[in-house]
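Below is one structure, written out as structure tokens, with a few remarks after it.
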Amino acid sequence: MPQLDRIIVFSQIFWLVLIFSIFYAILTHYFLPKFFKFLKIRKQVIDLNTKEILKETENTLNKQDLLIKILVKNLEVTSNLLASYFGQLIKNKKGVDTLMIDQKIGLVILNTVKFCDFKLLNSIFIYPKSLKVKD
């Protein structure tokens, strides 16, 4: 059988080892360093993006904390003013139309909820779809 002839088998093994050795040398010398370089650059880009996202998240949290502090302070001032105003009305026992006052307060709350304020709107980040930013 010619495929099991010793002369043919040794030449095939020789060429197989030679071609794969050359192929291995070319891959490890030229292509593998470029591949590792791309992996390193990709890792650096991911690390940089992660740091930037963390920084933006921290800034957003700081803005939210500041907004909450401002809202709490304003609510305290408003509740103190309302408490003192109603306290004076009750002390004076004048004809107080609380229904009208409740309607005005409800209207103010409704408009505040509907239209928000600029500080709250400025804290919301809007990104175009082309950037494909995930929150």
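Taking label points 7 Å from Cα along the Cα-to-Cβ direction, Arg6 and Met100 give a separation of 12.1 nm.
Here r is the Cβ-Cβ distance between Thr57 and Thr112 and R0 is 41 Å; the resulting FRET efficiency, rounded to 0.05, is 0.90. With 0.36 nm allotted per residue and the present C-alpha distance subtracted, the His29-Thr50 stretch has 4.3 nm of extension available. For a paramagnetic label modelled on Phe38 (point 7 Å from Cα along Cα→Cβ), amide N atoms under 12 Å away are absent within segment 5-29.
Laboratory data are not the source of any read-out in this text; all were calculated from the coordinates shown. All values reported here derive from a predicted model rather than from experimental measurement. Because the Cβ atoms are built from the backbone with ideal geometry, glycine has one as well, and the counts that use them run over all protein chains shown.
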